[in-house]
1. So what's the gap between the Cα centers of region 129-201 and region 39-116, to the nearest angstrom?
2. Provide the per-residue ³J(HN,Hα) series for region 179-185, in order, calculated from phi with Karplus coefficients 6.51, -1.76, 1.60 and θ = phi - 60°, each as a whole number of Hz, with x at glycine and proline positions.
3. Roughly how many whole Å is it from the C-alpha centroid of region 207-223 to that of region 246-317?
4. Tell me, what ³J(HN,Hα) does each residue in region 87-92 have, in order and in whole Hz, if you take phi through Karplus 6.51 cos²θ - 1.76 cosθ + 1.60 with θ = phi - 60° and put x for Gly and Pro?
5. Expressed as an acute angle from 0 to 90° and rounded to the nearest 10, what is the orientation of the C-alpha long axis of helix 237-246 relative to the principal long axis of the chain?
6. In 10 Å bins starting at zero, report the fraction of Cα pairs in region 175-275 per bin as a rounded %.
7. Suppose the Debye formula is applied to equal point scatterers at every Cα of region 71-139; what is log10 I(q)/I(0) at q = 0.15, 0.24, 0.27 Å⁻¹?
8. If you average 1/r across every pair of different Cα atoms in the chain and take the reciprocal, what Kirkwood value do you get, in Å?
Amino acid sequence: MKAPSFWQMNPPTFMAKALTPCSWITQWITAQRLSKPKWKASVPVICCGNLTVGGTGKTTVALELGKYFQQYYNIAFLTRGYKRKNKTTHPVLVDQTLHTVEDVGDEALLLARLAPTWVAANRAESAQAAIQQGAELLIMDDGFQNPTLYQDMPLLVIDGATGLGNHKALPAGPLRESLSQGLSRAKVCILIGKDQTNIREIVPKDLPLFQAFLEMDPSIQTYSGKPVIAFAGIGRPDKFFDALQDNNLHLVEKKSFPDHHFYSAAELEQLVRLKHQHKIPLVTTPKDYVRLPSSFQAHVIPLGVHLKWQDQQALPQLQRILDAMFVQGA
């Protein structure tokens, strides 16, 4: 479902104001869930979460933190396996040779390429399973509002283009909880992209904020100056398309799909027809690529992104903050 346009309008529109009483219910429910006691792990826990619905780059941040911290810890990822069709309640350790996107979700398959990844709705249970298998640091992909596991470093990921919308909670705006409550729990903010909504003025001055920019992986240079057909089913497909054009790819066709979209046979046939019609490559995101049938993946080129930090010392600083917070939490 596409987000209503009024969610991004500030000051709030009449529609947002009319729905505000409903947003109070959302805020109350979330506050009640978060008031429950949480299980405290014996190892540090980082949560890459957000305050808004939709994609902000949480998985990308989780992967970047994983690549850095695996130098010092045996890390493991925790994710709920969003939109997976297998609703097993016990924690599942992702096996890339066995599990499909239907079993564990697309994010889990991406994370499992780097480190052991556990899928479960109850993050405390998956944390316990990961620790029993030797994990020394846990990184949650999403789960800022999850009430089961204590987070040593609750980290907010904010998209620079969409920011925090009109600052109202669902359904009056895109927030999952009240802005003040969310910011009060956060220990760190990571801003992805240009600050187009004055996030720096909203975030408390004593809350560490690091800025990073999405940068395409070097493999994209192979297609620089060439025509391609691009498709994506992520939170904001335009981010992917803009990044391709910024790297001098000529987009003959752009196809947008809903976030975490499972592609139908008819949609895949249409993409193949476009490829043969124009005789040019099909490109997509790694998250979309893992959702494609293995028989179709040969037709498609995945082009990934990574973070380029504005401050090159951002990750070491995050490590120092985590060390201090884990000692305090313990």
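1. Between the Cα centres of region 129-201 and region 39-116 lies a distance of 15 Å.
2. Along region 179-185, the couplings run 4, 5, 5, x, 5, 5, 7 Hz.
3. First find each Cα centre; the distance between them is then 16 Å.
4. Taking θ as phi minus 60°, the curve returns 9, 3, 7, 6, x, 10 Hz for region 87-92.
5. Relative to the chain, helix 237-246 is tipped by roughly 60 degrees.
6. For region 175-275, the binned pair fractions read 12, 31, 28, 19, 9, 0 percent.
7. Rounded to two decimals, the profile gives -0.40, -0.99, -1.21.
8. Values: mean 1/r = 0.0482 Å⁻¹.
It works out to 20.8 Å.
Every read-out reported here was derived from the displayed coordinates using simple, explicitly stated rules and does not represent laboratory data. Computed from a predicted model, the values in this text were never measured in an experiment. Glycine also receives a Cβ, built like all others from the backbone with ideal geometry; neighbour counts cover every protein chain displayed.
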